[in-house]
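Chemist: My questions all concern the structure below.
Bear in mind that the values in this text are calculations on the coordinates, not laboratory data. Model, not experiment: these values are computed from the prediction. As a convention, Cβ positions derive from the backbone with ideal geometry for all residues, glycine included, and neighbour counts pool all protein chains shown.
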Amino acid sequence: MRQLRAFVEHPAFHWSIIALIFLNALILAIEALPAMPFGYRDELLVLDDIILWVFVVELVLRLIAHGRRFFTDPWSIFDVVVVAISFSPAASGFAALRAFRVFRVLRLISAFPRLRSVVRGLLRSIPGISSVAALLVLIIFVSAILGFNLFSELAPQYFGDLWVSMFTLFKIMTLEGWPDIADNVMAVYPHAWMFFLAYILVATLTLLNFFIAIIVNAMEAEALESKATIEMQEVLAKEMRALRAELQELREQQKGGG
């Protein structure tokens, strides 16, 4: 068991799996080209299936090597789910599910510690982001009703009903094409600039920056925790080396005394 664990944790094994993930991503990219540069589509599909089964063997080896610890690692569960999705049936009615094979590329997240740290930081920011998102939806809702009452009669293409108004305000929030919307409405309602200015200041320049601030804070907290964990591991490793040295000295003294 120790030999198997050493095998699956060896850097050569780790980097071989990463190389296969990159090769799998290349195959999926070639399949998605409008005209394949090579006439070997069937061969590429066979190679894709071979890589999939290599991933299955890799997961089985890791499961045997780590035992129950395998299921306590969320990244191992993530790898299992991603590989399992690739076995979606290719029969009629389910052929579209084969497109989920591309999720195998996401295994690169679990392969690189820095990517895992980024994902953990994003997950930690979800509670704060959820609060800001709820506030943003509330502001869009209130602004949509206000816009409907103010501009629906002469600008129905932007504020004709609640859903059209909310979609218009969502586009304005992204700052994509908002000057055209504002100019068209202001051509009929000259004072509409006050509405658009207030909405952009609140929804875009303020709340969207809150999203960024929350994510940055979560990333910084995750980086500090990762640094502290690494430092603790180094301290423990140093203490283990010191204990081994002391045990070795005691053994040599016992041999000398004997």
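Chemist: Along the charge dipole of the chain, which of PHE141, VAL80, ALA25 sits closest to the positive end, that is, farthest toward it, with unit charges on the beta carbon of Lys, Arg, Asp and Glu (+1, +1, -1, -1)?
Modeler: VAL80
Chemist: Let me ask you something else. Using Cβ counts within 10 Å as a stand-in for footprinting exposure, how do ILE85, ILE212 rank, fewest first? Don't jump to the answer; show the numbers that get you there.
Modeler: Values: ILE85 16, ILE212 9.
With the fewest neighbours first, ILE85, ILE212 line up as ILE212, ILE85.
Chemist: Test of understanding: ordering HIS191, HIS14 by Cβ neighbours within 10 Å, fewest first, what list do you get? Kindly include the intermediate steps, with their values, before the conclusion.
Modeler: Values: HIS191 8, HIS14 12.
Least crowded to most crowded, the residues run HIS191, HIS14.
Chemist: Find how much the distance from HIS10 to ASN184 grows on full extension, using 0.36 nm per residue of separation minus their present alpha carbon separation; answer in nm with one decimal. Before the final figure, lay out the partial values.
Modeler: Working: separation 174, 0.36 × 174 = 62.64 nm, distance 6.36 nm.
Going from the current span to full extension adds 56.3 nm.
Chemist: Take PHE13, PHE71 and order them by how many other Cβ atoms sit within 10 Å, fewest up front.
Modeler: PHE71, PHE13
Chemist: For the range 120-258, what percent of Cα pairs sit more than 21 Å apart?
Modeler: Cα-Cα pairs in the range 120-258 separated by more than 21 Å: 60 percent.
Chemist: Sort out for me the Cα centre separation of the range 1-15 from the range 134-200, rounded to whole Å.
Modeler: What the calculation gives is 59 Å, centre to centre.
Chemist: Show which aspartates and glutamates lie in cross-link reach of LYS238 when reach means a straight Cα distance below 15 angstrom and same-chain residues fewer than eight apart are skipped.
Modeler: Result set, ordered by chain and number: GLU246.
Chemist: Per 10 Å bin from zero, what fraction in whole % of the C-alpha pairs of the chain is there, up to the bin with the longest pair?
Modeler: Pair shares across the bins are 6, 18, 18, 19, 19, 12, 5, 2, 1, 1, 0.
Chemist: Can you compute the modelled spin-label distance between PHE141 and GLU43, with each label point 7 Å from Cα toward Cβ, in nm?
Modeler: 5.9 nm
Chemist: Does anyone have the angle between helix 162-173 and the longest principal axis of the chain? Alpha-carbon axes, 0 to 90°, nearest 10?
Modeler: Helix 162-173 and the main axis of the chain meet at about 60 degrees.
Chemist: Put a dot 7 Å past each Cα toward the Cβ at ALA223 and LEU243; how far apart are the dots in nm?
Modeler: It works out to 3.4 nm between the two label points.
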